[in-house]
Amino acid sequence: MKRDVYGGLVSTMFVLLFITVCFAGCTGQAPATPGAAPTAAPFVANQQGVAVIKNASAATAATAVAPAGGAPAAAAQELVIATTTSLYDTKLLDMLQPMFESKYNVRLKITSQGTGKAIELAKKGDADILLVHSPSQELAFIKDGFGINRRSFASNSFIIVGPADDPAGIRGMTPEAAFTALYLKGMNKTAKVAFVSRGDGSGTHSAEKNIWSKAKYNYTTQIQKSGDWYVEAGKGMGETLQMADEKGAYTLTDEGTYLAYKKDLALVPVISQGASLLNIYSVMTVYNDKQPIEKITMANNFVNFLIDPATQAEIGKFGVDKYGKALFIPMSVTVPDAPAGNVGDHTSPATDVKPPSATATAAAAATAAVK
């Protein structure tokens with residue numbers, strides 16, 4: 001009897017032990033591997049806005065992933081680029097942005113507006129990089145100590161576009177002769193003769209005022225607000241083209257933006273030759289005494305990125321597949337013949353971290369202290 005009870009107890013214990021082992025095998029989890037990296041978060045495409053801040057591309061907007069060892073990856077640095085509308089409207093920056101971001105683990109935020117407003121933004125310290133096309137304004141910006149490492153990276157041409165029937169009869173003239181004819185016929189209220197100006201202090205507006213000056217007109221006293229024939233849009237290049245198209249008027253535009261909008265316009269090029277139509281694009285690092293050295297260094301990287309032969313090659317191909325010609329001519333292909341200062345350095349690496357004058361002042365002070 002005792003033997004039977006003992007045997008039963010042993011059998012029961014064995015069964016319970018067997019069930020416990022099986023249950024553990026079905027529900028147990030393998031131990032985590034030390035230092036294993038978590039799964040990367042999905043890429044997130046940021047929002048974009050026309051003529052306002054445009055966030056970084058999805059290529060580098062991914063959530064940071066902790067590397068082996070458990071330490072989180074460094075957050076991507078952010079740089080703000082203040083630029084002209086033509087580089088935004090043509091989508092050249094849409095092509096270049098992910099290339100730079102993926103190379104340097106940085107996020108670019110791009111604010112697109114006229115050159116004048118872009119320069120104002122940079123002067124306030126609200127941008128890290130200035131990317132515009134108005135040599136006289138750029139040189140003043142550098143001279144006043146707001147920027148360093150100005151490099152010219154591409155060019156194209158301004159063109160005068162207007163109605164196909166050319167009511168002002170300016171086709172084939174020099175830009176200055178054409179503006180003279182537009183003024184005289186506009187002031188005489190010639191039918192269908194009107195001109196739409198950017199009127200926004202942009203690089204294109206600056207080029208327009210330069211042509212008026214060469215045509216021997218005072219822009220402020222003779223052209224601006226001179227009559228219904230002269231309309232100031234106060235808008236970006238794309239919107240100005242659309243306004244001129246709706247009015248059947250003439251306007252001055254960079255060729256790249258015109259080609260980007262051409263399919264939606266009735267306007268045609270009427271003048272595309274003339275030294276005053278040269279359009280040069282330059283980039284520079286924004287400087288102020290509160291700018292972190294890390295930002296200045298990364299901004300210099302962007303300047304060097306634009307003049308790098310590989311990037312120059314991409315710029316030279318941009319637009320060919322869609323428009324049959326490149327929208328921009330890189331400096332590696334052609335360096336325009338222009339007045340001194342209009343074309344900046346386009347080969348030397350950007351290495352300055354403060355204006356040369358500030359460096360010289362600091363060196364002089366150090367020398368005086370030693371003496």
## Note on the structure
Looking across segment 72-84 at residues that are assigned to a loop (DSSP other than H, G, I, E, B) and open to solvent by 60 Å² or more (accessible area, probe 1.4 Å), the single one that is modelled with the highest pLDDT is A75
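Among what's in segment 119-176 and is of a type in the set (D, E), within 17 Å of the chain's Cα centre (by Cα) and not in a loop (DSSP other than H, G, I, E, B), pick the residue that is nearest to P356 (Cα to Cα).
First, pick out the residues of segment 119-176 that are of a type in the set (D, E): 120, 126, 128, 138, 144, 165-166, 176.
When the remaining residues are screened for being within 17 Å of the chain's Cα centre (by Cα), the result is 120, 126, 128, 138.
Narrowing further to those that are not in a loop (DSSP other than H, G, I, E, B): 120, 138.
Values: E120: 22, E138: 16 Å.
Only one residue fits best here, namely E138.
Which residue, of K225, K143, is free of Cβ contacts under 8 Å to residues at least 12 places away in the same chain and in the same structural domain as P309 (by TED's automatic domain parsing)? Let's see the steps before the verdict.
Values: K225 fails: in the same structural domain as P309 (by TED's automatic domain parsing).
Criteria check complete, one pass: K143.
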### Query
Would you pick out the residues in segment 246-257 that are open to solvent by less than 40 Å² (accessible area, probe 1.4 Å) and in a helix (DSSP H, G or I)?
G256, T257
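Pick from segment 187-206 the residues that are among the small types (G, A, S) and part of a loop (DSSP other than H, G, I, E, B): which of them is farthest from L278 (Cα to Cα)? Working first, answer last.
From segment 187-206, those among the small types (G, A, S) are 191, 194, 197, 199, 201-203, 206; that's our starting set.
Those left that are additionally part of a loop (DSSP other than H, G, I, E, B): 191, 194, 199, 201-202.
Numbers: A191: 30, A194: 23, G199: 19, G201: 18, S202: 15 Å.
Filtering segment 187-206 for residues that are among the small types (G, A, S) and part of a loop (DSSP other than H, G, I, E, B), the one farthest from L278 (Cα to Cα) comes out as A191.
Only one residue in K295, K325 is at pLDDT below 95, open to solvent by 30 Å² or more (accessible area, probe 1.4 Å) and either farther than 22 Å from N149 by Cα or in a helix (DSSP H, G or I) (or both). Which one?
On the way: K295 fails: at pLDDT below 95.
From the options K295, K325, the qualifying one is K325.
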### Query
Which residues, taken from segment 281-292, are surrounded by 15 or more Cβ atoms within 10 Å (Cβ to Cβ) and either in contact with a His (Cβ under 6 Å, 6 or more places away or on another chain) or in a loop (DSSP other than H, G, I, E, B) (or both)?
Y281, Y287, Q291
### Message
Anything in segment 174-184 that is open to solvent by 70 Å² or more (accessible area, probe 1.4 Å) and over 16 Å from T221 (Cα atoms)? List them, or say none.
### Response
T174
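The values are calculated or read from the model by the stated rules, or taken from the named source; none is laboratory data. Just so it is clear, the structure is predicted and the values come from calculations on it, not from any experiment. Neighbour counts are summed over all protein chains in view; Cβ atoms, including those assigned to glycine, are modelled from backbone coordinates with ideal geometry. Surface areas here come from the heavy atoms of the whole protein model, side chains and all, with no ligands, DNA or RNA. Shrake-Rupley method; radii C 1.70, N 1.55, O 1.52, S 1.80 Å.
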